[in-house]
Amino acid sequence: MNESTETPETTVKERGRRQVLTGTVVSDKQDKTVTVAVQTTVLHPLYHRFMKRTSKYAAHDEANECREGDRVVIVQSRPLSKRKRWRVRDIVERAR
């Protein structure tokens, strides 16, 4: 029999590194989909001050377990629909 010796290192090499982001769930109204706001800081090109930028991503939540206000980790994946290219990997902190 042909045994597959698949380790986490080999799967990373085969698929490449997947982008991982951490953000806050801002909407959970859709079925199996959450909208995650990810905040980053960028340097202003002229004034050299840091600014906050927010990007919103549609992420797949298979079990519908995320609620509004939760901090989640999302990973890039294959296209799941027209706008969904991310999956929820982990819930870091529940909303209060």
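Readers should treat all values here as calculations from the given coordinates under stated rules, not as data from a laboratory. Just so it is clear, the model here is predicted, and its values are computed rather than measured. Here the Cβ positions follow ideal geometry from the backbone for every residue, glycine too, while neighbour counts run over all protein chains shown.
Observations on the model:
- Space enclosed by the convex hull of the alpha-carbon atoms of the stretch 14-93, per residue, Å³: 122 Å³
- Here each label is just a point 7 Å from Cα along the line to Cβ, and for E68 and Q19 those points are 2.7 nm apart.
- Model label zone, Q39; criterion: amide N under 15 Å from point 7 Å along Cα-to-beta-carbon; scope the stretch 67-96: 69-72
- Peptides 41-49, 77-85 ordered by packing proxy, namely the average of other Cβ atoms within 10 Å per residue, highest first: 77-85, 41-49.
- Area projected by the alpha carbon convex hull of the stretch 12-57, averaged over all directions, nm²: 5.2 nm²
- The charge dipole of the stretch 14-93, taken about its Cα centre with unit charges on the Cβ of Lys, Arg, Asp and Glu (plus for the first two, minus for the last two), comes to roughly 520 debye.
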